[in-house]
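Worksheet: one structure, shown below.
Values quoted throughout were computed directly from the atomic coordinates according to the rules given, and no laboratory measurement underlies them. Since we're looking at a predicted model, the values are computed, not measured. No Cβ is skipped: glycine too gets one built from the backbone with ideal geometry, and neighbour counts run over all protein chains shown.
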Amino acid sequence: LSIAAVGTAAFSYQYLEPNVLYEPSPVVNAGKPDRYPLDSVTLDVNSGIYIIHSQEGYFSLSAVCTHLGCLTAWKPEQGIIACPCHGSKFYVQAQDHHNPGDKIEGPAPKPLPWKRMWVNDDGELLVDRSTDISAMQFVRV
Ligand code: FES
């Protein structure tokens, strides 16, 4: 009987323990800018962001499709970002009055958001995935 009681107590304790999820920091260290050649689009699969080095400077776009949340992909042969799930496509370069991140076609209801990017004291690019900014705010280093 006492063994059963101990078992029950252990189970209850586990059950009552708060089930806290520790979220990883929203800030991503993308490393030194020279990792990203001019006119390159780099997907960081783990953090779900693109680091883009354009003629105007560096910027970061969310890589998560605004339709149903699939991870998008860079298509260098077409020069666009495309979602494999339902075919949404997004600009990477500003063109035809569109900003990078704007939708070209598909069911995505919104552009891919720009994420806040800055350079830290060590000269590394940091991106805050939790903070969207308005488009066309480039980081120049
Ligand atoms: Fe990207 Fe549907 S999740 S188009």
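Which value in deg cm²/dmol, rounded to the nearest 500, describes the helix-derived mean residue ellipticity at 222 nm for the chain, given -39,500 (n - 2.57) per DSSP H run of n ≥ 4 and division by the residue count? Present the calculation step by step, with values, prior to reporting the outcome.
Values: 1 runs with 15 residues, N = 141.
It lands at -3500 deg cm²/dmol.
Let me check the size of the chain from its C-alpha atoms; what are the radius of gyration and Dmax in Å?
Gyration radius and largest Cα-Cα distance of the chain: 20.8, 77 Å.
Enter the angle in degrees (range 0 to 90, nearest 10) between the Cα long axis of helix 2-16 and the first principal axis of the Cα atoms of the chain, meaning the one along which they spread out most.
Between helix and principal axis, roughly 30 degrees.
For region 96-141, what value does the Rg/Rh ratio take when both radii are computed over Cα atoms and Rh is the Kirkwood radius, given to two decimals? Don't skip to the end; give the middle numbers.
On the way: Rg = 13.0 Å, Rh = 12.2 Å.
Dividing the radius of gyration by the Kirkwood radius yields 1.06.
Provide the net charge surrounding Ser134, with neighbours chosen by a C-beta distance below 12 Å and charges set as Lys +1, Arg +1, Asp -1, Glu -1.
Details: positive: Lys115, Arg116; negative: Asp132.
Net charge in that neighbourhood comes out at +1.
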